[in-house]
Amino acid sequence: MFVRKLALEDFRNYERAALELDPGLNLLIGRNAQGKTNLLEALYLLSGLGSPRSSDSALIREGADRALVHGCVVRGSRTLEIDMEFRSGRGPRALVNKTAVPGTRELSEITTCVFFGPDELSLIKGSPEGRRRFLDDVIVKLRPARFGIRREWDRVLKQRNALLRSWPRSGDPRTAVETLEVWDEAFARAGAALAAARLEGLGALLPFCRKRYEAVAGGGRIEIGYVSSWLSEALVLESLDGAELDPGELQDALASRLRELRSREIERGQSLIGPQRDDLAVRLASPGETVRDARSFGSQGEQRTGALALKLAEFDLLSDALDETPILLLDDVFSELDPARRASLSDAVRDMGQAVLTSAEPGAKGSATANTVYEVVSGEVRRRD
Amino acid sequence: MYAEPIQRLIDELARLPGIGPKSAQRVAFHLLKLSEDDAGRLADAIVDVKARVRLCDVCFNVSDQELCEYCRDDRRDRTMICVVQEPPDIVALERTREYDGLYHVLQGHISPIEGIGPEDLRIAELLERLKAPPGSPEAIQEVIVATNPNIEGEATAMYLGRLIGPLGVKVTRLASGLPVGGDLEYADEVTLGRALSGRRRIQ
């Protein structure tokens, strides 16, 4: 799939902008803070999963009352026009071929993007939340219908936490416990469904990740585990090796841990275990050495390579599963890599379908081979021939 | 700022569900343009509905008498109770003409976020209605739980099931699954999963 055309109105620092993109390699060059990343962000928004940056409150250009993003996406034999409107204080609206769709997540059935930017190092170094979000997004990109699992889980978690927080409610204590038992059951069921989807997604991602890490790092190994205080390690390992998971088994495991922890959860006023506390453990090894925790022992370069391998593996997995190459958005990645890794990455990108890269260096490697080059200067985009 | 009576009207309208400040303003200025008669009719309707409508003593449906029309109706099957969240749910079920039993309106669902627990709903009153000894002519044989198929509705249904099951009354839940006339391909995974686990043998 690829985006043929992108047009913006009152989006971030752009009053108006329009770009024709090549199905292959596209390069956006310009100095810092000119709006290159904003273009990648707009492309990512077309996939209906929200901004890859932390908040999307600032999408609307200062002084404007709404922002518009238009994209023309080619997928297989279909050409689809996507229009998105963002207004402050309400959710984004989306049109496909000028017809409103019920929610922006419908767009994830049309466009799939993989975004990699300088912040992505936080996949290794940052908080568990970023890693959970990465994996949860992969799950939805693989099968958009799975969005429901996440939505249900978020809601159950909020309700159960609200109940624990407001403990003890006035009135009959037996009623309170009976209510908690009902939410425990919902929590165990929704949590098990999400964890099962995560394990399946991670298991599918792993082989691609190992291959990419070796290629970019020129040897060495990456291992990723799923860390959870309620799942047995043996079960996690088996499922990551591809064994069929029984959601009922996960549900029972979560339910029985909830029973053990009940008094502590009531005392603390929040859910203490479950998928909302789980994490990915990334371990790396140089050639011939044993794997070590990437977060505490990896060098900056190794961590960056690990994060890049995860993202490229996401790309590979999606290409494999969707029978379509996702759109690859690489934000300023070359400047952070040493020359050898740069070369191996720019070789790799060449046969990865549509890729849009940004760089601050006018003579950046790749600019000679890019099919389309745009120059970005303070909210203006000009094509360079 | 508008003159005090206008601002007061806007503020009152903005407290209604689904009406934000902008809609409130639009409605307020529409009301200003009404003739004296039209405005009076609207105001009377609001006052009248508060004065004359009450909740049914038995099932908590809205009614203009002590008992609502379903509780009064002798032709209905008095051994079945269908439990719903709100009175409009009864209207929806009645439209099907598939059900001729009694109703019970909980007046909400269990939702800790909104601070609503079982004791805030008409659950104790429902249990009271189930007290007739089994075998007696007034005994309820089946309770159909027709709460919404969302997280809160499911939790409420689960809660009722745990409470009523031990009383020896049959408790059933409305089936949930695929919309009629829909496409399997576009069903979300949660709905489809539920439809699969609730599958039925073809007769």
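The values are calculated or read from the model by the stated rules, or taken from the named source; none is laboratory data. These numbers were taken from a predicted model, which means no experiment stands behind them. Neighbour counts are summed over all protein chains in view; Cβ atoms, including those assigned to glycine, are modelled from backbone coordinates with ideal geometry. Calculation scope for accessible area: heavy atoms of the full protein, side chains included, ligands and nucleic acids excluded. Shrake-Rupley method; radii C 1.70, N 1.55, O 1.52, S 1.80 Å.
Determine, yes or no, whether residue A:156 is within 12 Å of another protein chain (Cβ to nearest Cβ) and surrounded by fewer than 16 Cβ atoms within 10 Å (Cβ to Cβ).
no
On the basis of being more than 28 Å from residue A:232 (Cβ to Cβ), open to solvent by less than 70 Å² (accessible area, probe 1.4 Å), of a type in the set (A, V, I, L, M, F, W, C) and at pLDDT below 90, does residue A:307 make the cut?
no
Residue under question is residue A:151, and the condition is that it be part of a helix (DSSP H, G or I), open to solvent by 10 Å² or more (accessible area, probe 1.4 Å) and within 14 Å of chain B (Cβ to nearest Cβ); does it hold?
When the stated conditions are applied, residue A:151 passes them.
Yes or no: residue A:240 open to solvent by less than 30 Å² (accessible area, probe 1.4 Å), more than 30 Å from residue B:112 (Cα to Cα) and under 25 Å from the mean Cα position of the chain (by Cα)?
yes
Filter the stretch B:37-78 down to the residues that are assigned to a strand (DSSP E or B) and over 30 Å from residue B:13 (Cα atoms) and list them by number.
Correct list: B:77, B:78.
Check the stretch A:184-203 and report whether any residue there is over 21 Å from the mean Cα position of the chain (by Cα), modelled with pLDDT of 90 or more, more than 11 Å from chain B (Cβ to nearest Cβ) and more than 16 Å from residue A:273 (Cα to Cα).
No - not one qualifying residue is present in the stretch A:184-203.
Kindly indicate whether residue A:216 is open to solvent by 60 Å² or more (accessible area, probe 1.4 Å) and β-branched (Val, Ile, Thr).
For residue A:216, the condition - open to solvent by 60 Å² or more (accessible area, probe 1.4 Å) and β-branched (Val, Ile, Thr) - is not met.
Criterion first (crowded, with 20+ Cβ neighbours inside 10 Å and within 9 Å of chain B (Cβ to nearest Cβ)) does residue A:138 satisfy it?
no
Output the number of the condition that residue A:255 fails; it satisfies all remaining conditions of (1) more than 25 Å from the chain's Cα centre (by Cα); (2) at pLDDT 95 or above; (3) surrounded by fewer than 17 Cβ atoms within 10 Å (Cβ to Cβ).
(3)
Being at positive phi and not basic (Lys, Arg) is true for just one of A:306, A:301, A:288. Which residue is that?
Criteria check complete, one pass: A:288.
With (1) more than 30 Å from residue A:180 (Cα to Cα); (2) open to solvent by less than 20 Å² (accessible area, probe 1.4 Å) as the list, and residue A:275 as the residue in question, which single condition is left unmet?
(1)
Kindly provide the set of residues from the stretch A:76-120 that are under 13 Å from residue A:47 (Cβ atoms), acidic (Asp, Glu) and touching a helix residue (DSSP H, G or I) at 6+ places or on another chain (Cβ under 6 Å), ordered by number.
Within the stretch A:76-120, just A:109 meets the criteria.
Exactly one of (1) open to solvent by 10 Å² or more (accessible area, probe 1.4 Å); (2) more than 14 Å from chain A (Cβ to nearest Cβ); (3) in contact with a Gly (Cβ under 7 Å, 6 or more places away or on another chain) is unmet by residue B:70. Its number?
(3)
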